[in-house]
Amino acid sequence: METLIRSDYAEGFVTQIESDTLPPGLDESVIRTISSRKQEPEWMLEKRLAAYQYWLKMQEPNWATIRHTPIDFNGISYYSSPKKKPQLDSLDEVDPELLATYEKLGIPLDEQKALAGVAVDAVFDSVSVATTFRESLAEAGVIFCSMSEAVREYPALVQQYMGTVVPHKDNFFAALNSAVFSDGTFVYIPRGVKCPMELSTYFRINEVNTGQFERTLIIAEEGSQVSYLEGCTAPMRDENQLHAAVVELVALEDAKIKYSTVQNWYPGDNQGRGGIYNFVTKRGDCRGDRSHISWTQVETGSAVTWKYPSCILRGKNSVGEFYSVAVTKGLQQADTGTKMIHIGENSRSTIVSKGISAMQGSNAYRGLVRVAAKAENARNHTQCDSLLIGDQCAAHTFPYIEVKNPTARVEHEATTSKVSEDQLFYCRQRGLTEENAVSMIINGFCKEVFKELPMEFAVEAQKLLAVSLEGAVG
Amino acid sequence: MLSIKNLCASVDGKAILNGINLEVYAGEVHAIMGPNGSGKSTLAHILSGRDGYTVSDGEVHYFGQNLLDLETEERAHSGVFLAMQYPVELPGVNNMTFLRESMNAIRKARGEAEIDAVSFMKQVRHRAKQVKLDEKLLKRSVNAGFSGGEKKRNEILQMMMLEPQLAILDETDSGLDIDALRTVADGVNLLRSPDRALIVVTHYQRLLDYIEPDFVHVLASGRIIRSGGKELALELEEKGYEWLQEGAAA
C-alpha cells in the first residue's frame with residue numbers, strides 16, 4: 001500500500017521548466033514524497049512521520065514579542081529542487097546558470113576557494129548541487145556533505161545523533177522541520193582532528209512560496225575542533241516566506257565547535273510586505289567534559305526573527321558562548337537570545353548581545369540562564385546592550401535566570417543607549433557624513449561581537465550593517 | 001576670511017543673538033568674552049553648523065561663500081573647526097581611527113589623497129607629545145572615560161592634526177587646572193599662523209594670559225557691546241562685566 005502511494009506521487013509529480021516543486025499543502029503523502037525523492041531509508045521516513053503526527057497536535061507558540069499575519073501551513077510548498085540532475089562529479093557539471101547566481105551572490109564556488117582555505121557546500125533551494133573540497137577534508141577524515149547524502153551514506157551516525165539535541169517534540173517549528181526538512185549540512189570531525197579549513201555554507205531562498213526547512217548536524221568527536229560559517233541572502237519576494245531551520249551541535253570531550261552566522265534575508269518592503277519569517281531552533285550540546293561551543297550571529301534580515309541559539313553545558317568544565325548582533329529597522333521584528341543550561345560542574349557561559357533598533361524596528365533579547373542543582377560552581381556573565389536610533393523604535397530585554405545551586409555566580413549587565421544628536425554633530429564637525437558617523441558608532445557598539453567572527457566575515461558583517469542601516473538616520 | 005553681519009538667531013522661539021557684527025581676517029586671534037547666557041556658545045555652534053538654531057536675520061560669509069548654506073561636514077571640509085566645550089564620548093570608536101577617518105574625509109572632500117598610515121602615526125605621536133596627551137589614550141575609544149583635561153587635550157590634538165583655516169575654541173579653558181591650561185594654550189599658539197584665524201570663546205581672562213588675542217569682544221544679551229585690544233580683557237578681569245552691561249543698557 002505504502003509503495004503504491006509513493007509511486008503514485010512520484011508519477012504525479014509535475015516537472016516544471018525550471019524546478020520541481022510540490023504543490024502547496026502538507027499531509028502524510030507529501031512527507032512520503034519528500035522522503036522518496038531523497039531516496040531515504042525507511043527509518044528516516046518513520047522519523048519524519050512520527051514528527052508530523054506530533055506536530056499535528058501542537059500549537060504555534062505566541063509568547064514572543066512579535067506580530068505577524070498567521071502562517072498558512074497548507075499554503076506552503078514543502079519541496080523544491082533545481083532541475084533533476086545526476087550526482088555531480090565536478091563543478092563543470094553544474095548548471096552554468098546556477099553558477100552565475102552564486103557569482104552574483106559573491107560566492108566564489110571554484111578552485112580559488114581552495115587557496116582561501118574555505119570549502120563551500122552551497123544549498124540552492126533545497127538540494128545541494130555541489131560540494132567542494134570533499135577530498136582534502138576526507139584526507140583529514142572530516143565528513144562535510146549534504147544532509148540527504150549523510151542519511152544515505154552515513155546512516156549510523158545520523159541515526160545516533162539526529163534529534164538527540166533538538167528532539168521533534170522540542171517545539172512547534174522543530175517538529176515541523178523534523179517532518180519535512182528538505183536538506184542541510186552534515187559535518188563529522190573525527191577524534192583529535194582539527195578541521196583544516198573553515199567550513200562554510202551559503203543558503204539562499206529562491207523559489208516563491210517555498211518554505212525552507214534546513215537541517216544541520218555537526219558532530220565533533222573527542223578533542224576535535226571545527227569552525228563553521230553560515231551566510232544568507234535572499235531576493236525580493238511579495239509573499240511571506242517561512243524558514244524553520246534546525247541546527248544541532250554535539251561536542252564530545254575536549255571538542256570545540258564555533259558556529260558563525262551572518263543572516264541577511266529579505267526583510268520586506270516599506271509596508272513590511274514580503275519579508276521572510278525566520279523561526280529557527282539552534283542548539284549545541286556540550287556533552288563531554290571541557291567541551292566548548294560558541295555561537296556568533298549577525299542578524300540583519302528577515303521580517304520576523306525568532307531564534308535562540310543555545311548551549312546545554314552537560315560536561316564538567318564545559319564552556320558555552322553566545323555573541324549576537326541583531327538589527328531591526330523599518331517594520332522588522334526580532335525576538336532573539338540564547339539559553340545557557342548549566343548541568344556540569346564548573347561549567348561557564350558568556351552572553352554578549354547587542355540589539356540595534358532603527359525606524360520602527362522592534363528588538364527583543366530573551367535569554368535564559370539555568371543552573372541545575374548539580375552544577376557546582378557554574379558561572380555566567382551576560383552583557384546585554386541595546387542601541388536606539390531615532391524615536392520610534394523599541395528595545396526589550398527579557399532575562400530569565402533560574403539558579404538551583406548556591407555556589408553559582410550569575411551576572412547580568414544591561415544598557416540602553418541612543419545614537420545622540422551630540423555624537424552625530426561631533427562626527428560631522430570633524431568632516432564625517434552622517435552615514436559614516438552612524439556606521440562608525442554602530443561598529444564601535446558591535447565590536448565585541450565582530451571580533452568573534454572569522455576575519456573575512458567580520459569585514460562582510462560591517463559592510464552589511466552599514467548597508468542595512470543606510471538612510472535609517474535622520 | 002569671516003564676515004558676520006547682523007546675525008540674529010533663536011532657539012525654540014527665544015532670541016539668543018540679536019545682531020552680531022564681526023570681521024575676522026586671516027592671521028588674527030579674536031577673543032569673545034561675556035557673562036553666562038550672553039550667546040557665546042550659540043555663536044560658536046551656529047558658525048560650526050549645529051542643528052537646532054533658527055537664524056532669523058543676517059549673513060555669515062566665509063571665504064566669500066555663504067557659510068550658513070553649507071552642511072556641517074562641508075564646513076569642516078572647508079576648514080572650520082570647533083573645539084567643543086563638552087567633547088562627546090564615542091564608545092567603541094577608536095580615537096586614532098576616528099582622527100584618521102576625519103582627516104581622510106576632509107582630504108577626500110578637497111580632492112587630496114588619503115594620508116598613509118606611517119606618516120599619520122608619526123604625526124599623531126608628535127602632536128600628542130606636544131599637547132601632553134598620554135599615548136595610551138590614542139588607543140582608547142574617543143573621549144570615553146577621559147578626564148576633563150584629557151578631553152580638552154584631545155580636542156586640541158584633533159585641531160592640530162586637521163589644521164583648520166578657522167578654529168573656534170568654545171570655552172576650552174573651562175575645567176582645566178593651570179598646567180593643563182598652559183599646555184592647551186601652547187598647542188593653540190603653535191597653530192597661530194598668518195593664514196589661519198582663531199576665535200577663542202571664554203568666560204575668564206585667564207586663558208588670554210597664554211593665548212594673546214589681537215581683538216577682544218564683549219558679548220552681552222546677544223550683541224557685541226564693546227570691542228578692543230587685549231587690554232580690554234584685563235579691564236574686564238578687574239571690573240567684571242557689570243559696568244559694561246550697565247553702560248550698554250543706559
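See the values below:
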read-out	value
Partner chain coverage, peptide A:431-438 - average Cβ within 10 angstrom	6
Net +/- balance of residues flanking A:SER357 in space, Cβ distance below 13 Å, scoring K and R +1, D and E -1	-1
Neighbour-count order for B:PHE98, A:PHE73, A:PHE186, fewest beta carbons within 10 angstrom listed first	A:PHE73, B:PHE98, A:PHE186
The protein assembly as shown: translational diffusion in µm²/s, Stokes-Einstein, Kirkwood Rh over Cα pairs, 37 °C, 0.692 mPa s	113
Shape of chain B, Cα gyration tensor, a/c cut at 1.5	prolate
Region B:1-157, relative contact order [Cα under 8 Å, separation at least 6], %	21
Global size of region A:324-378 as Cα Rg and Dmax, reported in angstrom	15.0, 45
Compactness of region B:195-234, expressed as Rg and Dmax over alpha-carbon positions, Å	10.3, 32
Region A:376-474, relative contact order in percent, only Cα pairs under 8 angstrom and at least six apart counted	29
Computed helical MRE - 222 nm, the protein assembly as shown, DSSP H runs ≥ 4 contributing -39500 (n - 2.57), nearest 500	-8500 deg cm²/dmol
Estimated vicinal HN-Hα couplings, Hz - region B:102-119 in sequence order (Karplus 6.51, -1.76, 1.60; Gly, Pro = x)	5, 4, 5, 4, 5, 4, 4, 4, 8, x, 9, 6, 5, 6, 7, 4, 5, 5
Cross-link partners of B:LYS151 among lysines (Cα-Cα below 26 Å; sequence separation of 8 or more within a chain)	A:LYS418, A:LYS447, B:LYS40, B:LYS122, B:LYS129, B:LYS132, B:LYS136, B:LYS139
Peptide B:84-95 - average C-beta neighbours from other chains (10 Å radius)	5
Ranked by how many other beta carbons lie within 10 Å on average, peptides B:214-222, B:134-142 from highest	B:214-222, B:134-142
Quotient of Cα Rg and 2.2 N^0.38 Å for region B:114-250, N being how many residues it contains	1.21
Residue-count net charge about B:ALA83 - beta-carbon cut-off 12 Å; Lys, Arg +1, Asp, Glu -1	0
√(5λ) per eigenvalue of the Cα gyration tensor, region B:59-122, largest first, Å	25, 17, 9
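A short reminder: the numbers here are calculations on the coordinates, not readings from a lab. Everything numeric here is computed off the predicted structure, so don't read it as measured data. Virtual Cβ from ideal backbone geometry, glycine too; neighbours counted across all protein chains shown.
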